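First the structure, which I've put down as structure tokens, then a few questions once you've had a look.
The values are calculated or read from the model by the stated rules, or taken from the named source; none is laboratory data. Please read these numbers as outputs of a predicted model, since none were measured by experiment. For neighbour counting, all protein chains shown are included, and Cβ atoms are generated from backbone atoms with ideal geometry for every residue, glycine included.
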Amino acid sequence: MKKPLVFLAAIAVLALASWSGWRYSQHSDDGSLVLYGNVDIRQIALAFDGSGRITALRADEGDQVKAGEVLGQLDTQTLRLQAAQVKAQVEVQRQNLLRLHNGARPEEISEARNRVAAAQADAARAGQDLARLQSIATHTQGRGVSAQDLDRARSSLQVARATLAQQQDALRLMELGPRKEEVDGAKAQLAASQAQLAVLQHEIDEGELKAPADAVVRSRLLEPGDMATPQKAVFTLALTQPKWVRVYVSEPKLGKIKPGMAARVYTDSHPDQPIDGKVGYISSVAEFTPKSVQTEELRTSLVYEVRVLVQDSNNVLRLGQPATVRFPAAQ
């Protein structure tokens, strides 16, 4: 009884091996090359650029999202308050720079000229007082005026002349306007505040988590209330484009495949709805047959990876889905 069972088991193993080898790579009756593989797509581990507490998430597993769509939001209230404070500083510095550009008002220059005229009058009066005292002292041979009176008159004249010179310098500076260094310094302060405001605004913008491309949400890893960091992914996205089928071709059949070569992709779920594709990549390095091919003969063979790019407009293909790729014999 054991011998027939062993014999039947051996036949089954050989049949399975033969079927696997036929399934891995074959030529159909019409001469077209047929390869078998799996659908592959690119994935994104999407995380916030900044750190903070998550206040809202707007996508769930399976949702289709568009490029630029906001998927999550961080708490940015503190940053907004800081930005408002810096914005007020920017306005103050902008007005200060404008004041330097415009210079003194005509009324201020007129007022400065009046101060100069008053100082000139004080200096003239002080000079007259000193001259009168000196004349009296000369005619009275020093008896009509004390030495202290002459000293006070001389001091008053010096003070009046110094005040006049000060008012004249102030008028001249006002008429010349601010120095170039003052204007440049005000510009630099304004630019620094504007840069600080831009940094805060950038951090506020980073509080929004946006989809970088059209994709499908595969996983939602965090929830509102969790603390987010740039190292912690919030969503895992599967890109809708590009999609390709990864197949392997043996060296004898490698010469029958060229980059850009047209192909048809079939799946078990939609056998009557083939998808157009083309060869986008042929590996230049041979590798051992993947373990998914369950035959000793094929497992010890060297094969080359081929990627067949497809335009899955109806979003039929899924990651890891088995697919059949047929290359027409006419090519």
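Being of a type in the set (S, T, N, Q) and under 22 Å from Leu309 (Cβ atoms) is the filter; apply it to the stretch 203-249 and report the residue that is surrounded by the fewest Cβ atoms within 10 Å (Cβ to Cβ).
Kept after step one, since they are of a type in the set (S, T, N, Q), are these residues of the stretch 203-249: 219, 229, 231, 236, 240-241.
If we keep only those that are under 22 Å from Leu309 (Cβ atoms) as well, we get 240-241.
Working: Thr240: 19, Gln241: 15.
Per the criteria, the residue is Gln241.
Name the strands (runs of 3 or more DSSP E) wholly inside the stretch 18-133 in which the number of residues that are at pLDDT 90 or above and touching a Ser or Thr at 6+ places or on another chain (Cβ under 8 Å) is 2 or more.
So the answer is 33-46, 70-74.
Spot the failing condition for Val265; the list is (1) touching a Ser or Thr at 6+ places or on another chain (Cβ under 8 Å); (2) surrounded by fewer than 16 Cβ atoms within 10 Å (Cβ to Cβ), and only one is missed.
Every condition holds for Val265 apart from (2).
Having 2 or more residues that are in contact with a strand residue (DSSP E or B) (Cβ under 9 Å, 6 or more places away or on another chain) is the bar; report the helices (runs of 4 or more DSSP H) wholly within the stretch 144-263 that clear it.
Output list reads 251-254.
For residues in the stretch 274-287 being touching a strand residue (DSSP E or B) at 6+ places or on another chain (Cβ under 7 Å) and in a loop (DSSP other than H, G, I, E, B), which is surrounded by the most Cβ atoms within 10 Å (Cβ to Cβ)?
If we take residues in the stretch 274-287 being touching a strand residue (DSSP E or B) at 6+ places or on another chain (Cβ under 7 Å) and in a loop (DSSP other than H, G, I, E, B), then Pro274 is surrounded by the most Cβ atoms within 10 Å (Cβ to Cβ).
Now for a different question. How many residues are loosely packed, with under 13 Cβ neighbours inside 10 Å and under 46 Å from the mean Cα position of the chain (by Cα) if we restrict to the stretch 151-181?
Number of matching residues: 4.
I'm checking my understanding of the structure. Among residues of the stretch 46-93 that are β-branched (Val, Ile, Thr) and in contact with a strand residue (DSSP E or B) (Cβ under 8 Å, 6 or more places away or on another chain), which one is surrounded by the most Cβ atoms within 10 Å (Cβ to Cβ)? Walk me through how you get there before you give the answer.
We begin by selecting, within the stretch 46-93, every residue β-branched (Val, Ile, Thr); these are 54-55, 65, 70, 76, 78, 86, 90, 92.
Still in the running and in contact with a strand residue (DSSP E or B) (Cβ under 8 Å, 6 or more places away or on another chain): 54-55, 65, 70, 76.
Details: Ile54: 20, Thr55: 14, Val65: 22, Val70: 13, Thr76: 20.
Only one residue fits best here, namely Val65.
A follow-up question, please. With the condition kept exactly as written, say whether any residue in the stretch 177-186 is hydrophobic (A, V, I, L, M, F, W, C) and assigned by TED's automatic domain parsing to the domain that holds Val308.
no
OK, next. Among the numbered conditions (1) within 20 Å of Val310 (Cα to Cα); (2) in the same structural domain as Val306 (by TED's automatic domain parsing); (3) in a strand (DSSP E or B), tell me where Pro271 comes up short.
(3)
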